[in-house]
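The structure appears below as structure tokens.
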Amino acid sequence: GAGVSQTPSNKVTEKGKYVELRCDPISGHTALYWYRQSLGQGPEFLIYFQGTGAADDSGLPNDRFFAVRPEGSVSTLKIQRTERGDSAVYLCASRPTGTDTQYFGPGTRLTVL
Amino acid sequence: AQKVTQAQTEISVVEKEDVTLDCVYETRDTTYYLFWYKQPPSGELVFLIRRNSFDEQNEISGRYSWNFQKSTSSFNFTITASQVVDSAVYFCALSPSGTYKYIFGTGTRLKVLA
């Protein structure tokens, strides 16, 4: 079946602009995660949704970052007033109920100039 | 503190050699899960294995094997008879039970030379 998809695959923006990154999880997966991966580092947890609600947003670095999942499927990560330090690969993962295993998408590479 | 350490930043081997990737974790939880993922150049993290803290039995899957030792808080990964296609970055991750989120190590880049 189809895996996790993320769009766009690449996004270049200017400092101060607003961006939205989209994630389509595997069909039927109730949990959805966002991670950020900087160059040479492991992914860092940002936020986790169970259904439509954010079950844990403790990884969001500041209030410029926000994520939604209004219908319990697709999720959008929103970054306001982007900064050069936001440049990274943003990974989305989904997980079916009853397991701890997450399945990752290909990521969105965000470059802030 | 919860932490995963992958001390080997990069390893290069010649094809057909065996190679072991080290993973050491820290947690105070008694129940947790450990994972290994492969990240090829395409960037997508590929799930390899999941192990819970109560199951210390070693596992073998084809050329891959995993050695979990709670006494040393290690979960090492061995590739036997490495192949060029094994070249990738490998991540070890910890998920304390009930948190449902991963704590990743910094990864080990494996280069298998023909």
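The values are calculated or read from the model by the stated rules, or taken from the named source; none is laboratory data. As the structure is a prediction and not an experimental result, all values here were calculated from the model. All Cβ positions, glycine included, derive from the backbone under ideal geometry; neighbour counts span all protein chains shown. Ligands, DNA and RNA are stripped out before the accessible areas are found, and what is left, the full protein with its side chains, is counted by its heavy atoms. Shrake-Rupley method; radii C 1.70, N 1.55, O 1.52, S 1.80 Å.
Below are the figures for this structure:
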{"quantity": "Criterion: buried (at least 16 other Cβ atoms within 10 Å of the Cβ) and among the polar types (S, T, N, Q) - qualifying residue of B:S74, B:S42, B:S61, B:S12", "calculated": "B:S74"}
{"quantity": "Every pair of residues 6+ apart whose Cβ atoms lie under 9 Å, when the first sits in the stretch A:97-108 and is facing chain B (nearest Cβ under 8 Å) and among the charged types (D, E, K, R) while the second is open to solvent by 30 Å² or more (accessible area, probe 1.4 Å) and in a strand (DSSP E or B)", "calculated": "A:D100/B:Y33; A:D100/B:R50; A:D100/B:N52"}
{"quantity": "Single residue of the stretch B:18-44 satisfying the filter (assigned to a loop (DSSP other than H, G, I, E, B) and among the charged types (D, E, K, R)) that is nearest to the other protein chains (Cβ to nearest Cβ)", "calculated": "B:E44"}
{"quantity": "Qualifying residue in the stretch A:58-68 (condition: within 25 Å of B:I49 (Cβ to Cβ), within 12 Å of another protein chain (Cβ to nearest Cβ), assigned to a strand (DSSP E or B) and open to solvent by less than 60 Å² (accessible area, probe 1.4 Å))", "calculated": "no"}
{"quantity": "Boolean, B:G98 is within 11 Å of another protein chain (Cβ to nearest Cβ) and open to solvent by 10 Å² or more (accessible area, probe 1.4 Å)", "calculated": "yes"}
{"quantity": "B:R51 vs. criteria within 11 Å of chain A (Cβ to nearest Cβ) and either part of a strand (DSSP E or B) or out of contact with any Asp or Glu (no Cβ under 6 Å at 6 or more places or on another chain) (or both)", "calculated": "yes"}
{"quantity": "Qualifying residue in the stretch A:3-20 (condition: touching a residue at least 12 places away in the same chain (Cβ under 8 Å), touching a Pro at 6+ places or on another chain (Cβ under 6 Å), more than 10 Å from chain B (Cβ to nearest Cβ) and open to solvent by less than 40 Å² (accessible area, probe 1.4 Å))", "calculated": "no"}
{"quantity": "Single condition B:S53 does not satisfy, out of (1) open to solvent by 10 Å² or more (accessible area, probe 1.4 Å); (2) touching a helix residue (DSSP H, G or I) at 6+ places or on another chain (Cβ under 8 Å)", "calculated": "(1)"}
{"quantity": "The stretch A:21-54 - residue that is farther than 27 Å from B:G107 by Cα and in a strand (DSSP E or B) and, of those, nearest to the other protein chains (Cβ to nearest Cβ)", "calculated": "A:Q50"}
{"quantity": "Selection within the stretch A:63-113 - modelled with pLDDT of 95 or more, farther than 17 Å from B:L45 by Cα, over 10 Å from the mean Cα position of the chain (by Cα) and of a type in the set (G, A, S)", "calculated": "A:G85, A:S87"}
{"quantity": "Members of the stretch B:25-36 found to be out of contact with any Gly (no Cβ under 9 Å at 6 or more places or on another chain) and surrounded by 14 or more Cβ atoms within 10 Å (Cβ to Cβ), listed by number", "calculated": "B:T27, B:Y32, B:Y33, B:L34, B:F35, B:W36"}
{"quantity": "Unique match (being touching a Ser or Thr at 6+ places or on another chain (Cβ under 8 Å), within 29 Å of A:V4 (Cα to Cα) and open to solvent by 40 Å² or more (accessible area, probe 1.4 Å)) among B:D18, B:D22", "calculated": "B:D22"}
{"quantity": "Matching residues in the stretch B:64-86 - criterion: being modelled with pLDDT of 95 or more and among the charged types (D, E, K, R)", "calculated": "B:D86"}
